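Trainee: Can you keep this structure in mind? I'll have questions shortly.
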Amino acid sequence: MSDEFSEEERARLLDEFASTRSEAARDAVTAAFLPLADYFARRYSNRSVELDDLQQVARLGLVKSIDRYDPTVGVRFSTFAGRTIDGELKRWFRDKSWAMRVPRSIKENVREVTLSQQKLEQRLNAVPTALEIAADTKLDLALVIEALDARSSYQPARLDVPTSESGSQTLGEVLLSEDASVDRSDVTMMVSQLLTTVSDRDREIIEMRYFEELSQQQIADRIGLSQMQVSRILRKALGELQAAMRDPSS
Amino acid sequence: MLQADEISVHFPARRGFLYLSRLNASAIGTEAGLNVDELEDLRLAVNEMVNWLLQDAEGDGTVTITFASTDSGIEIDGLRTADAELPERQIDDLANAVLGATVDDHRVRNEPAGRRLEMRKSPER
């Protein structure tokens, strides 16, 4: 945290903003906690993105957390802000990869649902319900709910496990292929279920590799193993997943 | 026996099934008249609920979540059971704050039958 501000000073600034909600007070709190935002931005800076971009995202998260923070709840601001900033950064990464990871049909529904929501909010002067959006878009209610969930929640498509014993095409290729004939949302769901069959540590490593797209060396550094050990764990875990896919009863 | 307006989801105590809870919450929340912002809050609350229920010995036992659409909104009852006795757990401050901000009220209980979290949310309009 910045040396320019003492703990007492930061607490005083938070109290001042809580009581005045003024822009000046918000700016002062933002300045006091900028190092916290920058710390979280740096945590993600080993990826192929500019640190400046990450800092902007993290600082936006900081401002959101300042606006939402309620000091009467009893949670430390730095704890609350840290989780908000981290969430903002993860959401940013998710949105960057969302265009590739979500099936086209759901993407189209999300777009339609979002446009309808904006239109209905103006017309009704209130936030619409999913039923109202379904009536407006003529989409089935289940598709509206699916689109709302896809828009807001994190559903990673995860693996490059071969889809058949011949192994000519991976799940990742199927999921990303524009002309895939399979229902990709079902495949994604199946893979998510299959991931529950491996150990916690293996699942964490697979997710770091295939969702966070860390290199084997980065994973090794993060969890304190050698790159060779990570490579072996990935190979073994993917083998178990392949076996589970071939034998759904197992 | 379930009431006519109740849906119960029963799944192994693993985080991989969290999406089932979210989708059901959205569907029953819609039935209960929540708008899309309130549904988003409800999904957040369900995330916190399941994460709390799954603390300790993940993979052991089951989670049962019952969603009820009532005249005043939606009621959700989550119960985690396990073969081994689950240690008593209180909900942490931040999760408590998230639940406090996203649902009208919530209550956690450590019971002989297992770990339980109940919550309720009503539409604003």
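Trainee: Counting only protein heavy atoms, probe 1.4 Å: which residues of region A:131-148 lose 40 Å² or more of accessible surface in the full assembly compared with their chain by itself?
Mentor: A:Ile145, A:Leu148
Trainee: Under a 1.4 Å probe, what is the accessible area of chain B per residue, stated in Å²?
Mentor: About 46 Å² of surface per residue is accessible.
Trainee: Please give the solvent-accessible surface of B:His10 in Å², to the nearest 10, using a probe radius of 1.4 Å with every protein chain present.
Mentor: Approximately 130 Å² of B:His10 is accessible to the 1.4 Å probe.
Trainee: Just want the answer: with Cβ charges of +1 for Lys and Arg and -1 for Asp and Glu, which residue in A:Ala41, A:Ala11, A:Ala24 is farthest toward the dipole's positive end in region A:1-45?
Mentor: A:Ala41
Trainee: In chain B, carbon and sulfur make up what percent of the accessible area (probe 1.4 Å)?
Mentor: Ligands and nucleic acids excluded, carbon and sulfur give 46 percent.
Trainee: Next question. Among A:129-138, A:64-73, A:107-116, how do they line up by average Cβ neighbours within 10 Å per residue, starting with the highest?
Mentor: A:129-138, A:107-116, A:64-73
Trainee: Something else about it: Using the crude model of +1 on Lys and Arg Cβ and -1 on Asp and Glu Cβ, and no other charge, please compute the dipole size for region B:33-125 relative to its Cα centre, in debye to 20.
Mentor: 140
Trainee: Computed on protein heavy atoms with a 1.4 Å probe, what is the summed buried accessible area for the chain pair A and B, in Å² to the nearest 100?
Mentor: 2100
Trainee: Using a 1.4 Å probe and counting only protein heavy atoms, arrange A:Met228, B:Met119 so the residue with the most accessible area comes first.
Mentor: Order by accessible area, largest first: A:Met228, B:Met119.
Trainee: Still on this structure: Excluding B:Asp104 itself, what net charge comes from residues whose Cβ is under 13 Å from its Cβ, given Lys and Arg +1 and Asp and Glu -1?
Mentor: -3
Trainee: Can you tally the net charge around B:Arg80? Count Lys and Arg as +1, Asp and Glu as -1, for every other residue whose Cβ sits under 14 Å from the Cβ of B:Arg80.
Mentor: Once all neighbours under 14 Å are counted, the net charge is -4.
Trainee: Per residue, how big is the convex hull around the C-alpha atoms of region A:7-98? Give it to me in cubic angstrom, could you?
Mentor: Considering the Cα atoms of region A:7-98, their hull volume per residue is 91 Å³.
Trainee: Then there is this: With axes computed from alpha carbons, what is the tilt in degrees of helix B:36-53 against the longest principal axis of chain B, rounded to the nearest 10 within 0 to 90?
Mentor: Long axis of B:36-53 versus the principal axis of chain B: about 10 degrees.
Trainee: State, as an integer percentage, the relative contact order of region A:7-98 based on alpha-carbon contacts under 8 Å between residues 6 or more apart.
Mentor: 27
Trainee: Give me the 1.4 Å probe accessible area per residue for region A:7-98, excluding ligands and nucleic acids, in Å².
Mentor: 55
The values are calculated or read from the model by the stated rules, or taken from the named source; none is laboratory data. Not measured: the values here are computed from a predicted model. As a convention, Cβ positions derive from the backbone with ideal geometry for all residues, glycine included, and neighbour counts pool all protein chains shown. What goes into the accessible areas is simple: the full protein's heavy atoms, side chains included, and nothing from ligands, DNA or RNA. Shrake-Rupley method; radii C 1.70, N 1.55, O 1.52, S 1.80 Å.
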